[in-house]
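Worksheet: one structure, shown below.
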Amino acid sequence: MALYVPRPILNWRERMYLPAIVSGLLITLTHFKNMLLGRTKVTMEYPEEKPDSMLPDYYRGAPALVRDADGRVRCVACQLCEFICPPRAIKIAPGEIPRTDRFGKVEKYPEEFDIDMIRCIFCGMCEEVCPEQAIFLRKDYAITGFTREEMVHDKDKLLEIGGVMHGVVLKWNEKK
Amino acid sequence: MEYSLIFTSLLKIFGIIFLVILPMVSYSVYAERRVSAFIQDRVGPNRVGPAGLFQPIADVLKLLLKEDFTPSGVNKFYYWLAPCLAMMPAIITIAVVPFGSTLFGVPMVIADINVGILYVFAIASLGVYGIVLAGWASNSKYPFLGGVRSSSQMISYELSLGLAVIPIFLLVGQLRLTAVVQYQIEHGWFIAPFIGDWTNPAKWLLAIPMLVSFLVFMIAIFAETNRLPFDLPEAEQELAGGYHTEYSSMKFALFFLGEYAAMITGAAVIVTLFLGGWHFPGIPDGSRGWIFGLINIAVFFAKVTALLFFFIWVRWTLPRFRYDQLMRLGWLFFFEIALVNIFLAAIIIAYFPT
């Protein structure tokens, strides 16, 4: 069944179309004028202005490793993040901490910790799964490089982005 | 004598084409992008040079360096001919338009011929051949539809284009464009009766048909130059770019720049016919000193620039006409309006002999 859409019945003034065209021209002229006088502010001109101050707390940027208050890398190389990572961007080479060490009872630490930022999809599952609160998604979003090798964040780079986190997990203190 | 004429003519041709028209063409593309951006609350190209002013140069370099691809199914001869035909008429037409009074005693018009406006119409309507040939030679259905649309659009608009200017030449009595400008200097601009002897009632009466022909002529020029709201031949959304779909590199650029050159020529013709040409009240012509000659040229191009802004402004305001609406508008309204307008102007001229 055909559906008939009723057409509006125009009076002679509307049928001339010229008043409508003039009012349309005035609307666009107002936009042009406001833009010219700098009253409209829509576009963020990126490299000069950055959205950093506007990023919400839940923003998921580049993943990073953190140290705790004692300067120890929090990661215990459990490899849960490597396992959960959907694009398999994380590669961990675990190493052993000797018994005699101050943190001997932690037993494992990451010898190498690489995140391939070409593969990373910023999903944040590594942060969610981490039992040690050692990996966090920070607010760095401009991750660039000229080669594929540059785009792989190694352990030093990750710690540099991450910095020190004074967290709530203190289970590896030597007193306990 | 002969040599000096040839020399000054060559100087005028090179000056006007390479120093004024071609830079104006490329900068009207820039203006189009900036103005459209501002109208839509965007920023537009602002990276290359101060405020993006070198963007046209970068665009030209990009287009020159791109691969010039010729599809295998095309008719090579017409495929190559079409971009030239799109660009040339627009530039040739400027020859008869007086763009200034005199400079050092040399009249600022390249060819002051006595068939002025007929020459303009004859050459300007050749521009459509570029589009039709491009559409046909491309051997592809979208360009073909664009070419067909262009040809039928032209025959429905050329009529009102030609008829709209008849009242002016009834009044002036000559087809020479310099004579039109001279008449407007003596009697005031055609659409501005308050300039000059404003107490004359015949002038105010004549301003009515002049205003009507100005509107009809302007709208016909919009259609002639394939500008929105009449850009059916290149309708991006319907025809994937229309007649220049199969073109690349500098051949595409020639179509693109040809459209803007046609716009500038159209604006120059409108300025000459209706807006007093290079005349501005209170500024004497070039015989009083070369500085006034330069000011006259500047006034002319300022008027052209203002009209170009209007062209761009209209483009980013109005939506495109549907095809049947365009034909109806051309054949049922503007043709009749222009015809009645001629009679109206003729009656007024007959009752108030100047």
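Observations
- Filter pass, B:Val43 being among the aliphatic types (A, V, I, L, M), out of contact with any Gly (no Cβ under 8 Å at 6 or more places or on another chain) and either within 18 Å of A:Met35 (Cβ to Cβ) or within 13 Å of chain A (Cβ to nearest Cβ) (or both): yes
- Close Cβ contacts (under 7 Å, 6 or more residues apart or on different chains) running from residues in the stretch A:130-141 that are touching a residue at least 24 places away in the same chain (Cβ under 8 Å) and part of a loop (DSSP other than H, G, I, E, B) to residues that are β-branched (Val, Ile, Thr) and surrounded by 15 or more Cβ atoms within 10 Å (Cβ to Cβ) comprise A:Glu132/A:Val76; A:Ala134/A:Val66; A:Arg138/A:Ile161; A:Asp140/A:Ile161.
- Qualifying residue in the stretch B:341-354 (condition: under 30 Å from A:Thr28 (Cα atoms) and either within 14 Å of another protein chain (Cβ to nearest Cβ) or buried (at least 17 other Cβ atoms within 10 Å of the Cβ) (or both)): no
- The number of residues in the stretch B:27-61 being touching a Lys or Arg at 6+ places or on another chain (Cβ under 7 Å) and without any contact (Cβ under 8 Å) to a residue 12 or more places away in the chain comes to 1.
- Identity of the residue in the stretch B:151-184, of a type in the set (Gly, Ala, Ser) and at pLDDT 85 or above, that ends up farthest from B:Ile117 (Cα to Cα): B:Ser160
One line per residue, one yes/no per condition, for (1) more than 14 Å from chain A (Cβ to nearest Cβ); (2) of a type outside the set (D, E, K, R); (3) assigned to a helix (DSSP H, G or I); (4) surrounded by 22 or more Cβ atoms within 10 Å (Cβ to Cβ):
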site	(1), (2), (3), (4)
B:Tyr243	yes, yes, yes, yes
B:Met250	yes, yes, yes, no
B:Met263	yes, yes, yes, yes
B:Ala306	no, yes, yes, no
B:Gln325	no, yes, yes, no
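- Hey, B:Ser213 part of a helix (DSSP H, G or I), over 23 Å from B:Glu238 (Cα atoms) and hydroxyl-bearing (Ser, Thr, Tyr) or not: yes
- Scan of the stretch A:37-58 for residues that are loosely packed, with under 12 Cβ neighbours inside 10 Å and within 14 Å of chain B (Cβ to nearest Cβ), ordered by number: A:Leu37, A:Gly38, A:Arg39, A:Lys41, A:Val42, A:Met44, A:Glu45, A:Tyr46, A:Pro47, A:Glu48, A:Glu49
- Hey, A:Arg148 surrounded by fewer than 14 Cβ atoms within 10 Å (Cβ to Cβ), more than 29 Å from A:Asp52 (Cα to Cα) and not hydroxyl-bearing (Ser, Thr, Tyr) or not: no
- Exclusive hit being part of a helix (DSSP H, G or I), over 30 Å from A:Tyr141 (Cβ atoms), within 14 Å of chain B (Cβ to nearest Cβ) and among the charged types (D, E, K, R), set A:Lys105, A:Lys33: A:Lys33
- A:Gly61 at pLDDT 85 or above and at the interface with chain B (Cβ under 10 Å from one of its Cβ atoms): no
- Every condition in (1) more than 14 Å from every other protein chain (Cβ to nearest Cβ); (2) more than 37 Å from the chain's Cα centre (by Cα) holds for A:Leu26 except the one numbered (1).
The values are calculated or read from the model by the stated rules, or taken from the named source; none is laboratory data. These numbers were taken from a predicted model, which means no experiment stands behind them. Reconstructed Cβ throughout: ideal geometry from the backbone, glycine too, with neighbour counts over all protein chains shown.
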